[in-house]
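The values are calculated or read from the model by the stated rules, or taken from the named source; none is laboratory data. These numbers come from a predicted model, not from an experiment. For neighbour counting, all protein chains shown are included, and Cβ atoms are generated from backbone atoms with ideal geometry for every residue, glycine included.
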Amino acid sequence: MHEVIVCEKPKASEKIAAAIPGNAVKKSYKRVPYYEIQQGDKKTTVLSAVGHLYSLSPLKKEKGRMFEVGWVPLYEKDKSKKYVKNYIDAIKKFSKNADRFIHACDYDIEGTLIGFNALKYACGSESIDQAVRMKFSTLTKDDLLKAYNEPIDLDFNQVDSGEARHVLDFIFGVNISKHLTDSVMKATSRYIQLSAGRVQTPTLAILVEREKEIQSFIPEPYWLIKAKIEGKIIADHKKGKIFDKKVEEEILSDCDGKKAKVSRINIKETPQLPPVPFDLGALQSEAYSVFGFSPKKTQSIAQNLYAEGYTSYPRTSSQKLPPSIGYKKILGKLKKNAAFRKQIEKLKEPLKPREGKKTDEAHPSIHPTGLVPKGLGRDYQKLYELIVYRFISVFGENGVMKTMKTHLDIGGQEFSFSRKKMAKMGWREHYPYRKVENDEFPPIEEGDCLDAKTYSEEKETKPPARYNQASLIRELEKRGLGTKSTRANIISILYDRKYVEGKKITVNQLGERLIDTLKKYSEKITSEELTREFETKLDGIMKAEVKKDEIISEAKIEVSSILDEIDVNKIIIGEELYAAYRESMIVGKCKCGANLIMINSPKGSFVGCSAYPECKSTYSMPRGATILKTKCEECGLPMISFGKPRQRACMDPKCGRDGEEPPQNEVVGVCPDCGKDLIKRRGRYGEFVGCSGFPRCRHTRSLDEKQDQKSEKT
């Protein structure tokens, strides 16, 4: 008997081969690793995909519209993925004449589709009838062995939902993006690449809506009245924000020269419940808050921690920790780490986690497996410890917050102040990422009269806060847009397309005008309702409530309607989008007074004058350069940041160099790499520090960067 196991990635195939019975022998074909296991007359071959092996491609075009699509090998569509051919060839070669197939890719929609397509197109469609499914949430030996010994049937509803999602994303994204790009070409004979998507565009519309709220916001003055009480206490007037100047003056007049009488003191204790386990969105939000990691970075690190067997599958919406994962076993293994052991030993029996409401039929919440890693990179270690301490803390006891609220009477006006401290730390002992309030309670009693001085602070109302990547993911989840697996990537695409920028997300001119134009001429593209409706229907496929083909047919009708609207207004849409694109490319003012714009060409990017050909000023940009908002003190052109380590210089490489004497090779330190002298050098974009041993030693740093004290010359 010959059994073939198809895994999602090489690391997973290595762990699965090591987990199942028998001695796995690692082999290689076209530099693709695979494993063979012989047990009596049973032979098992463990093969690996490398993520998606197949991609959707149009089968035919009708009137420039691509609605009929099919799966083709990824390397045929993307020339940078030539290595995928070797993986497909290996699966084809070693799956021939197999008697049994096991789909062992990650148990989610993407993993299901990856494995199903590998079976159908590489192993042959007949393999589907002979296939079963391994379902696991960690890549530990115990979980993998259990999944191998207790396989389940393929879930064809899950397959259909995954395929329908890909088809919808293709026919929405490819067709609409192409039509927008074509509209610019037809109107201006210029090519600019524009991008729109089924979830991407409504997401951008949310950001544009917030941008407009901020831009149109008119601040309103208000006053906060406070009282400085003896003992360095600041109390607040009960009215909070006061928008009427006369009211502010009346309150201050009433309080002038009066003492503060303690009218009431309320002291209460409030239980502080442990946190719930991490789902993906909560992990992304916490990692952003604590470490500043982008959601995409968090998702990538979490996926790699899972692949190494340190944590469970990250793409989950569950806040549940079922007993079947083995709490005591995991905590027992984590005790090998002294810091974890110190916290685990404080936990009290019986071990029962606090769980949240959210569930996921495929996987439990994110948790450590008990395997303690060594030698992780800094960011990997941070995220791993965050997951571990969260896991430990959900088994902790309730904390107790003690609150003292003191009410004061000053000239008949009511003021109050609060103090908080932890009466019992509880779970907070195990989770070092939350600030603990521990105020001192002042020694005062009801009836006391205290010296007081009242005053007011004038402030202005502020516009709504900008989204950051973590808060935007929470907003998308709240609105039912995208999935736990796709939201981080959708946000990343908006940055890549240059529609948005900054940690506090700002929409640029191109992003804003794109949404304005689409809403004016084809509002369906930006519609949250349409996107949310299709998300619900895609979930319905999973539940066998609706058929895949029905959803795809509906999508084609909707996209046809959108494309018709674009075609009717093609010229004006193209003109408006191109104008927005040109404005978004402005990086500063040329010396002639016209705008400097970023120009992308096949040979690279450069900055040129918009008054060309009258003004022929151009400035080449180093690879990876960023144009800064600061201006050169010498000539007023924008400054740029470039290189590794980053250096700052004027955009004009000739700026300030007319008539200069060549700089001397001033020694400024010792090279930390080879021990030779570090000297000041001048490059095309200004001065920097480099090793005198160049080109054998290529150590460089900017002039502003501090050198390790050990290598400084005194």
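General remarks:
- For GLY399: the one exception among (1) in contact with a strand residue (DSSP E or B) (Cβ under 6 Å, 6 or more places away or on another chain); (2) under 20 Å from ALA260 (Cα atoms); (3) in contact (Cβ under 8 Å) with a residue 40 or more places away in the chain: (2)
- Close pairs from the range 88-111: first touching a residue at least 60 places away in the same chain (Cβ under 8 Å), partner of a type in the set (Lys, Arg), Cβ under 7 Å, at least 6 apart: ASP89/LYS30; ALA90/LYS30; HIS103/ARG133; TYR107/LYS135; ASP108/ARG315; ILE109/ARG165
- Number of residues in the range 299-322 that are outside any loop (DSSP other than H, G, I, E, B) and touching a residue at least 40 places away in the same chain (Cβ under 8 Å) equals 8.
- Here the condition is being within 19 Å of PHE116 (Cβ to Cβ), exposed (fewer than 14 other Cβ atoms within 10 Å of the Cβ) and touching a residue at least 12 places away in the same chain (Cβ under 8 Å); of GLY70, GLY51, it holds for GLY70 alone.
- Test result for LYS320, of a type in the set (D, E, K, R) and under 27 Å from GLY482 (Cα atoms): yes
- Here GLU583 meets the list (1) touching a residue at least 12 places away in the same chain (Cβ under 8 Å); (2) part of a strand (DSSP E or B); (3) not polar (S, T, N, Q) almost entirely, failing just condition (2).
- Of all residues in the range 372-382, one or more are of a type in the set (A, V, I, L, M, F, W, C), assigned to a loop (DSSP other than H, G, I, E, B) and not assigned by TED's automatic domain parsing to the domain that holds THR140.
- Residue in the range 418-427 that is in a helix (DSSP H, G or I) and either not acidic (Asp, Glu) or not assigned by TED's automatic domain parsing to the domain that holds THR298 (or both) present: yes
- Sole exception among (1) in the same structural domain as LYS268 (by TED's automatic domain parsing); (2) in a helix (DSSP H, G or I); (3) not acidic (Asp, Glu) for VAL388, by number: (1)
- Whichever residue in the range 54-67 is in contact (Cβ under 8 Å) with a residue 60 or more places away in the chain and more than 32 Å from the chain's Cα centre (by Cα) and, among such residues, is nearest to LEU119 (Cα to Cα): ARG65
- Selection from the range 308-366 of residues that are within 24 Å of ALA19 (Cβ to Cβ) and either in contact with a Cys (Cβ under 6 Å, 6 or more places away or on another chain) or among the small types (Gly, Ala, Ser) (or both): GLY309, SER312, SER318, SER324, GLY326, GLY332, ALA362, SER365
- Candidates in the range 326-376 are the residues that are surrounded by 17 or more Cβ atoms within 10 Å (Cβ to Cβ) and among the polar types (S, T, N, Q); of these, the one that is farthest from GLU308 (Cα to Cα) is GLN343.
- Those helices (runs of 4 or more DSSP H) lying entirely in the range 136-242 with at least 2 residues out of contact with any Pro (no Cβ under 8 Å at 6 or more places or on another chain) and assigned by TED's automatic domain parsing to the domain that holds GLU545: 156-188, 200-216
- Some residue of the range 50-62 being over 28 Å from ASP129 (Cβ atoms), touching a strand residue (DSSP E or B) at 6+ places or on another chain (Cβ under 6 Å) and of a type in the set (D, E, K, R): yes
- A search for C-beta distances below 6 Å between a residue of the range 646-670 that is among the β-branched types (Val, Ile, Thr) and any residue that is surrounded by fewer than 15 Cβ atoms within 10 Å (Cβ to Cβ) and at pLDDT below 80, counting only pairs 6+ apart in sequence or on different chains, returns VAL670/SER711.
- Options ILE114, ILE20, ILE109; residue that is over 23 Å from PHE170 (Cα atoms) and β-branched (Val, Ile, Thr): ILE20
- Of the residues in the range 469-478, at least one is outside the structural domain of PHE293 (by TED's automatic domain parsing), out of contact with any helix residue (DSSP H, G or I) (no Cβ under 8 Å at 6 or more places or on another chain), closer than 20 Å to SER365 by Cα and not polar (S, T, N, Q).
Results for (1) surrounded by 19 or more Cβ atoms within 10 Å (Cβ to Cβ); (2) under 26 Å from the mean Cα position of the chain (by Cα), shown as yes or no for each residue.
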position	(1), (2)
THR406	yes, no
GLU440	no, no
GLU457	no, no
ALA465	no, yes
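- In the condition set (1) at pLDDT 70 or above; (2) assigned to a loop (DSSP other than H, G, I, E, B); (3) not small (Gly, Ala, Ser), LEU628 is compliant with all but (2).
- Residue pairs meeting the criteria (Cβ under 6 Å; at least 6 apart or on separate chains; first part of a loop (DSSP other than H, G, I, E, B), in the range 543-570; second of a type in the set (Ser, Thr, Tyr)): ASN569/TYR521
- Of all residues making up the range 601-621, the number that are modelled with pLDDT under 80 and either surrounded by 13 or more Cβ atoms within 10 Å (Cβ to Cβ) or more than 27 Å from HIS179 (Cα to Cα) (or both): 1
- Scanning the range 244-280 for residues that are among the hydrophobic types (A, V, I, L, M, F, W, C) and in contact with a Cys (Cβ under 8 Å, 6 or more places away or on another chain) turns up ALA260, VAL262.
- If you filter the range 73-112 down to residues that are polar (S, T, N, Q) and surrounded by 14 or more Cβ atoms within 10 Å (Cβ to Cβ), you find that the one that is nearest to MET542 (Cα to Cα) is THR112.
- Selection from the range 254-282 of residues that are closer than 20 Å to LEU450 by Cβ and either more than 47 Å from the chain's Cα centre (by Cα) or among the hydroxyl-bearing types (Ser, Thr, Tyr) (or both): ASP254, CYS255, ASP256, GLY257, LYS258, LYS259, ALA260, LYS261, VAL262, SER263, ARG264
- When LEU347 is tested against (1) over 15 Å from VAL388 (Cα atoms); (2) of a type in the set (A, V, I, L, M, F, W, C); (3) touching a Gly at 6+ places or on another chain (Cβ under 7 Å), exactly one condition is not met: (1).
- Qualifying position, being under 30 Å from HIS699 (Cβ atoms), more than 32 Å from the chain's Cα centre (by Cα) and of a type outside the set (Phe, Trp, Tyr), among GLU575, GLU634, GLU614: GLU634
- Unique residue being among the hydrophobic types (A, V, I, L, M, F, W, C) and modelled with pLDDT under 95 when the list is LEU154, LEU180, LEU144: LEU180
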